[in-house]
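Have a look at the structure below before the remarks.
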Amino acid sequence: MNAGTSTITLTGNYARNLECPGVHTFYNVSTSGLTLLDIFSYGNTVPLSVTTFNNLTFSPATSGRFNLDHSIVINGTLTVHGASAIARVRIVSDEFTLVGMGIQAAAVSLLNVDFESITATGTAAPFTGTSIGDGGGNSGITFTAPAIVTGK
């Protein structure tokens, strides 16, 4: 496959996996209808795996999860939009990964997103957006201040 200026749209109702052992380059990748996106390698290649995108978009219509087991590079824009403040997207290092994964991006568009064990780098760092939550173990991300709610 030649990345060129291709656009790959991952569709379906549940999950799509990008299996990327080693070093791979994609151009524009987006999703339609997915609630789970896994970008992972297999075997013993995790420390050597890097997947590069021109633009990467994940915007589920309901709550979603974006799993990484190796670092990714986005030369253009990483767009992740949760459907609402309640139906959010969680970006997380895969549960079998022992260290936080890196996301290097030139630009980001983030809305209703929670991060867990992610290191943000690139010209977009620190990553900012609207309604950004901290699940712990992150760096290079500016999180939305929690709302203070008082009752009577």
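At a glance:
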{"item": "Region 71-152 shape via C-alpha gyration tensor axes, a/c threshold 1.5", "result": "prolate"}
{"item": "Whole-number percent relative contact order across region 46-149, with pairs defined as alpha carbons under 8 Å at least 6 apart", "result": "21"}
{"item": "Anisotropy class of region 111-152 from Cα gyration tensor, a/c 1.5 cut", "result": "prolate"}
{"item": "T150, T35, ranked by accessible area, largest first (probe 1.4 Å)", "result": "T150, T35"}
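The values are calculated or read from the model by the stated rules, or taken from the named source; none is laboratory data. All values derive from a computational prediction rather than experimental measurement. Keep in mind that these areas ignore ligands, DNA and RNA; they rest on the heavy atoms of the full protein, side chains included. Shrake-Rupley method; radii C 1.70, N 1.55, O 1.52, S 1.80 Å.
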